[in-house]
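Beneath this line is the structure, given in C-alpha cells, with notes to follow.
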Amino acid sequence: MSQEKTYRYLHFDVFTDKVLSGNQLAVYPDARGLDPAIMQAIALEMAFSETTFVFPPEDPATDFRVRIFTPRAELPMAGHPTIGTTFALAREGRIAGERTSIMLGLGIGPTRVELEWSSDRLHFAWMTQHLPEFGRPLPNLGEMAAALGVQEADIRSTNMPIQMVSCGLPFLYVPLASRSAVDAAELDRQALLRFCKTARIDEPGLFIFSTQPANDGATVYSRMFAPGFGVPEDPATGSASGPLGSYLVRHAAAGPEEAAHMISLQGVKMGRPSHIEISIGTAEGQITSVRVGGQAVFVGEGTLQT
C-alpha cells in the first residue's frame, strides 16, 4: 500500500475585510508532490470557486509558481486566487514585510502583485492584468434576455453592447439597466449555450452588471455565472474585473479620472458581498494599464490526506 501524504491548507475570504463574506479560497502553501490530477480532485473536494497550489518558482523572474483550479478545470489566471494566495504567503512569513511587490508564476506567465502593508501585516494587494482584448459586439439581445430571465429592454436601454473582453481570461459582459434586474436574473444554461452557438463562441463566464448608482460607493453592481467551470455563481471574480473596467472605459461609462478608482460590488445576492477595486490607466484615449485589487482575511486552516 502506498503511504498517505498530508497537505496543509489555509482558508481565506477574499475581496473583503470581514470573515464569512467575499469569495472563499483554499491555499495549499506547499504543494510539492501533487500532480495535476490530484490537484483537480482536491479542488473538487474543497468545492470553492477556486483552490490554489503553491510550488517553488519555475522561472527565475518569479518568486513562486501558483496553479489555480476550479472544481472542474485549471485556469491560466484568476483574480481572487492571486490576491488570496498573496495574503496566505504573507501570513506564512514567505514574503518579507519590506517588499513592495512580488512576481507570481501563473499559467499566463509572470504576474506582478503590488503590496501595501500596515505595520508588519499585509493590508492590500494589487494584481496587474494584461491589456484588454475586445471581441465584436454581439446581437441577439432577445436570446440573451431569455437566458437570463430578464426583459430585452433591460439590456437594450443601457446603450452598451453584449461583448467578450479578456485581460487574460475571456468573459461575456451583459449590461443591465438596474440593480433589481441584476438580482432578478436566473441563468438558463441551455439558453446560454444556444446564444453561444448562434454567436459562434465557446461558453464563457457570463458577467452581468448595472451602473445604477446607490449609496454604497460602488461603480457597478455585478454577478458572474460560470457553470462550465463548475461554478454556478461566483461571489467575486477578479479576473473579470479588469476586463469590466476596460469595458466601462471603452464605452464611455467611466471617464479617465473615475477609471482609476472604481469598485465592483459583487456577491450581494449570494449573501457574500465582495468589494473589488479596479484601476484602469489611460493616455490619449487608450488603455495603458489594468489593475485589480483588494483585501483578504484569514478564516482557518486544515489538512487533507491523499
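The values are calculated or read from the model by the stated rules, or taken from the named source; none is laboratory data. On a predicted model such as this, the values are computed, not experimentally measured, just so you know. Positions of Cβ are backbone-derived with ideal geometry, glycine not excepted, and every protein chain shown enters the neighbour counts.
Filter region 77-91 for residues that are surrounded by fewer than 24 Cβ atoms within 10 Å (Cβ to Cβ) and closer than 11 Å to Gly293 by Cα and give the result. Correct list: empty. Among the residues examined, Ala254 does not qualify as more than 18 Å from the chain's Cα centre (by Cα), surrounded by fewer than 23 Cβ atoms within 10 Å (Cβ to Cβ) and outside any strand (DSSP E or B).
Filtering region 119-142 to residues that are touching a helix residue (DSSP H, G or I) at 6+ places or on another chain (Cβ under 7 Å) and farther than 24 Å from Arg250 by Cα leaves Leu122, Ala125. Only one entry in Ser166, Ser180 is of a type in the set (Ser, Thr, Tyr), under 27 Å from Glu58 (Cβ atoms) and either over 22 Å from the mean Cα position of the chain (by Cα) or not assigned by TED's automatic domain parsing to the domain that holds Arg65 (or both), namely Ser166. Residue-level check: of (1) within 24 Å of Gly168 (Cα to Cα); (2) among the acidic types (Asp, Glu); (3) touching a Pro at 6+ places or on another chain (Cβ under 8 Å), Glu114 misses just (3).
Can Pro57 be described as touching an Asp or Glu at 6+ places or on another chain (Cβ under 7 Å) and either part of a helix (DSSP H, G or I) or basic (Lys, Arg) (or both)?
No; evaluated as a whole, the condition is false for this residue.
Checking each residue in region 176-203 for being in contact (Cβ under 8 Å) with a residue 60 or more places away in the chain and not in a loop (DSSP other than H, G, I, E, B) picks out Val182, Asp183, Ala199.
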